Every structure is written in C-alpha cells, then in structure tokens.
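A.B. asks: Sharing a structure, written as structure tokens. Questions coming.
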C-alpha cells in the first residue's frame, strides 16, 4: 500500500512538472524585406535554454517558467533583438523582426614573404580601383 502511494505521488509530481513547462514558438524575419532569418540563435535569459531558427526562420523553445524572462535573438549580420516575457506572454507564434547591420572592416593589410636564401626579386600585390 505504501508503495502504491509513493508511485501515485511521483506520478502527480511528474504531471505538475510537465504542466509547468511552457513552449514558445516564433518566426524571425528580416525587417527590410520580410525574408526569414536562417540559423539565428534564440536564447532565454536567465537559463540555459537556446535553439536556432530553421530555413523558414521558425523556432520552438521550451522553458520551465516565463517569470522575469528575456528572449534574445542574435545572428551574424543583424542587430540583436531582446523581448521581455512574463507569465502572461502570448502562447501563439511570436513574430520577431531583425534589422540588418553592416559588418564592414575599415582596412585589411596582407603581407607575404617568400622564404628563399638568395631571393632578390620582390613582388607587389595591390588592388586596382
């Protein structure tokens, strides 16, 4: 009888744990043209949960709770997006848009040396504009 009560208690706790988990679904798009953003990283803070968007920009992430949670989306070539979530956050698909950012280097200098003991010839590699 005690064993049956213990098993029933474990099943009830397990059911409560499953109900406490929240599943967030969403789509990440480019704000300039509405195209999906592939392979963006979606992270819940605080916590360790994260996922990546697929080819359609869609993601699904599970959380234990949404209380005081920040959803952060990052991707190379885009500005990061942060959204504050709470228990009353919508359970339907979240729609997030990311603004493209410029990743431009100012100047790159490439140097090369030819390893030779008696080299008397020099080479100049230059870009013509």
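The values are calculated or read from the model by the stated rules, or taken from the named source; none is laboratory data. Please read these numbers as outputs of a predicted model, since none were measured by experiment. When we count neighbours, we look across all protein chains shown, and the Cβ atoms used for this are built from the backbone with ideal geometry, even at glycine.
A.B. asks: Quick check on my filter: what residues within the range 45-60 are part of a strand (DSSP E or B) and at pLDDT 90 or above? Working first, answer last.
C.D. replies: The initial filter retains those residues of the range 45-60 that are part of a strand (DSSP E or B), namely 45, 50-52, 58-60.
Passing the criteria: 50, 51, 52, 58, 59, 60.
A.B. asks: For the structure I just gave you, tell me whether residue 57 is surrounded by 13 or more Cβ atoms within 10 Å (Cβ to Cβ) and at positive phi.
C.D. replies: On the way: surrounded by 13 or more Cβ atoms within 10 Å (Cβ to Cβ): yes; at positive phi: yes.
Yes, satisfied.
A.B. asks: Determine whether residue 71 is under 22 Å from residue 21 (Cβ atoms), more than 11 Å from the chain's Cα centre (by Cα), modelled with pLDDT of 90 or more and in a strand (DSSP E or B).
C.D. replies: Values: under 22 Å from residue 21 (Cβ atoms): yes; more than 11 Å from the chain's Cα centre (by Cα): no; modelled with pLDDT of 90 or more: yes; in a strand (DSSP E or B): yes.
It is false that residue 71 is under 22 Å from residue 21 (Cβ atoms), more than 11 Å from the chain's Cα centre (by Cα), modelled with pLDDT of 90 or more and in a strand (DSSP E or B).
A.B. asks: Considering only residues that are surrounded by fewer than 13 Cβ atoms within 10 Å (Cβ to Cβ), in a strand (DSSP E or B) and under 13 Å from the mean Cα position of the chain (by Cα), which ones fall in the range 74-88?
C.D. replies: Answer for the range 74-88, where residues must be surrounded by fewer than 13 Cβ atoms within 10 Å (Cβ to Cβ), in a strand (DSSP E or B) and under 13 Å from the mean Cα position of the chain (by Cα): just 82.
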